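Everything on this sheet refers to the single structure shown next.
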Amino acid sequence: MNSVATLLLSFFIGIGSASAAPNAEEILAASDAIRNPGRPFSAKVTLTEFQSGKQVDTSTLVSYSRIQPGGQFASLIHFALPARDAGKLMLKNGNDMWFYDPTSKASVRLSPQQRLLGQASNGDVATVNLAKDYKPTLAGEEEVQDGERKKRNAYKLALTAVSPDVTYATIEMWVDAENNRPIKARFFAESQRLLKTVYYRKFQSQLGAERPTESVIIDGLDPQSVTLMRFSEYAARNIPDTWMQRDYLPRFQPE
């Protein structure tokens with residue numbers, strides 16, 4: 001093969017390799033679609049806190065979520081258990097979050113970063129499309145251990161917040177290279193302190209896709225502090241836009 005032919009072959013191989021390179025935005029969006037149904041839905045969320053392997057607290061919530069204009073979710077969270085919290089509400093619409101207590105009949109602004117139970121923050125229980133709040137870059141491809149202790153070939157994404165009022169400043173996320181399932185994520189504060197590590201596991205068929213039904217949340221400083229966030233009873237719902245308005249919170253009645 002002469003030199004000209006060799007150069008042409010190298011050129012076209014290079015074009016093919018470049019076109020086949022994974023796109024960080026597409027990977028993150030595909031992972032979002034696996035975590036979250038693309039239509040209005042409800043789900044039961046059970047939070048269980050463990051310290052050194054012993055259960056110390058639990059809470060049961062019902063989440064109602066719908067996609068708003070712009071592609072991000074809004075979520076209304078209804079507290080079901082324990083009895084002392086029954087009837088309380090949280091609302092996340094855009095980057096605004098509110099807490100409503102039916103006893104005081106007052107709604108107050110919340111921080112998504114504030115802890116709700118154990119290692120789960122307020123922002124963790126709200127449905128979120130990460131691709132809308134973060135700018136991803138592809139940091140590499142590597143083998144990682146998933147939440148079931150199996151080795152997976154994964155894309156590693158580095159996510160940077162596009163606004164200062166999202167739950168986490170930066171995120172490292174590993175997405176299965178075979179099927180775009182989320183495997184693992186590490187969440188950081190603005191100071192780059194590791195806040196928590198999350199494993200996504202127990203994938204089950206829910207509303208048309210295999211979705212993770214359990215997240216294992218491990219404290220960034222104390223690995224003995226673990227919170228399980230379980231999702232069950234998924235259901236497609238007709239969720240009125242009025243449910244996602246702060247003024248409607250005193251009138252909300254769970255179905």
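The values are calculated or read from the model by the stated rules, or taken from the named source; none is laboratory data. These numbers were taken from a predicted model, which means no experiment stands behind them. Every residue, glycine as well, gets a Cβ built from its backbone with ideal geometry; the counts of neighbours run over all protein chains shown.
Does segment 181-191 contain at least one residue that is over 19 Å from ALA30 (Cβ atoms), of a type in the set (A, V, I, L, M, F, W, C) and under 12 Å from the mean Cα position of the chain (by Cα)? Yes, because at least one residue in segment 181-191 is over 19 Å from ALA30 (Cβ atoms), of a type in the set (A, V, I, L, M, F, W, C) and under 12 Å from the mean Cα position of the chain (by Cα). Applying the criterion of at least 2 residues that are touching a residue at least 12 places away in the same chain (Cβ under 8 Å) and of a type outside the set (A, V, I, L, M, F, W, C) to the strands (runs of 3 or more DSSP E) found wholly in segment 82-167 leaves 89-93, 96-101, 106-109, 134-145, 151-161.
Just one of the numbered conditions (1) touching an Asp or Glu at 6+ places or on another chain (Cβ under 8 Å); (2) closer than 27 Å to ILE77 by Cβ; (3) surrounded by 12 or more Cβ atoms within 10 Å (Cβ to Cβ); (4) among the hydroxyl-bearing types (Ser, Thr, Tyr) is not true of TYR234: (1). In the set (1) over 18 Å from LEU28 (Cβ atoms); (2) surrounded by fewer than 20 Cβ atoms within 10 Å (Cβ to Cβ), the condition left unmet by ILE217 is number (2). Looking only at segment 191-225, residues that are more than 23 Å from ARG152 (Cα to Cα), out of contact with any Lys or Arg (no Cβ under 9 Å at 6 or more places or on another chain) and assigned to a strand (DSSP E or B) come to 1 in all.
Among the residues of segment 99-110, are any surrounded by 13 or more Cβ atoms within 10 Å (Cβ to Cβ), in contact with a strand residue (DSSP E or B) (Cβ under 7 Å, 6 or more places away or on another chain) and under 23 Å from VAL162 (Cβ atoms)?
Kept after step one, since they are surrounded by 13 or more Cβ atoms within 10 Å (Cβ to Cβ), are these residues of segment 99-110: 99-102, 107, 110.
Narrowing further to those that are in contact with a strand residue (DSSP E or B) (Cβ under 7 Å, 6 or more places away or on another chain): 99-100, 107, 110.
With under 23 Å from VAL162 (Cβ atoms) added as a condition, the list becomes 110.
Yes.
Being charged (D, E, K, R), over 23 Å from ALA43 (Cα atoms) and out of contact with any helix residue (DSSP H, G or I) (no Cβ under 6 Å at 6 or more places or on another chain) holds for only one residue in ASP176, ASP241, and it is ASP176. Screening GLU142 with (1) charged (D, E, K, R); (2) modelled with pLDDT of 95 or more; (3) under 16 Å from the mean Cα position of the chain (by Cα) gives one miss only, at (3). Screening LEU89 on (1) under 14 Å from VAL45 (Cα atoms); (2) at pLDDT 95 or above; (3) out of contact with any Leu (no Cβ under 6 Å at 6 or more places or on another chain) shows it passes everything except condition (3). You will find that of ARG181, ARG193, the residue that is basic (Lys, Arg), at negative phi and surrounded by 19 or more Cβ atoms within 10 Å (Cβ to Cβ) is ARG181 and no other.
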